[in-house]
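Below is one structure, written out as structure tokens; the observations come after it.
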Amino acid sequence: NSRYAELVGVPIEELPHRNWTAYTHPDDHYENQKILDRLKSGDINNFSLEKRYLHSDGTIIWVDITCAGLTESDGSCLYYLSMINNITERKIEQEKLKEAVHIKEMALQNAKAGVVSFDVQAAVIRADSGFFTTATL
């Protein structure tokens, strides 16, 4: 459909001439093929996963994909029905958060400082190891 064509950056007319591997990040091919083989064999009925697509301009697009096999009465798989959500922004924000936490941890470690959190009754609810090595109780 046009949304999928836009997601991977190709004209809609090209979609029928390529399979999913043309748009999937090469590092994801093996795992994706394994799960599709399980779906095709009837071992599973559906799956959900996060994977990477490659946009035609080379950028990585993260998607959350849910896929179900549509089968004949004998159980053979006719085709797949997939719902794909672009989660690239979420992945970018998760990486930024992970980096910020790492920077904070490194700064605290190098400053020989610690962090302690108290509740409203002044009871310690969390303290890191730096607090216990620097605090004079």
Every residue from the stretch 21-43 that is part of a loop (DSSP other than H, G, I, E, B) and at pLDDT below 90: G42, D43
Qualifying positions in the stretch 1-20 - surrounded by 12 or more Cβ atoms within 10 Å (Cβ to Cβ) and either assigned to a helix (DSSP H, G or I) or not β-branched (V, I, T) (or both): Y4, A5, E6, L7, V8, G9, I12, E14, L15, W20
Among residues of the stretch 44-86, those that are buried (at least 17 other Cβ atoms within 10 Å of the Cβ) and at pLDDT below 90, counted: 1
The stretch 47-94, residues that are closer than 19 Å to P11 by Cα and either part of a loop (DSSP other than H, G, I, E, B) or among the aromatic types (F, W, Y) (or both): Y53, H55, S56, D57, G58, T59
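The values are calculated or read from the model by the stated rules, or taken from the named source; none is laboratory data. This is a predicted model, so every value here is computed, not measured. Please note: Cβ atoms are built from the backbone with ideal geometry, for glycine as well, and neighbour counts cover all protein chains shown.
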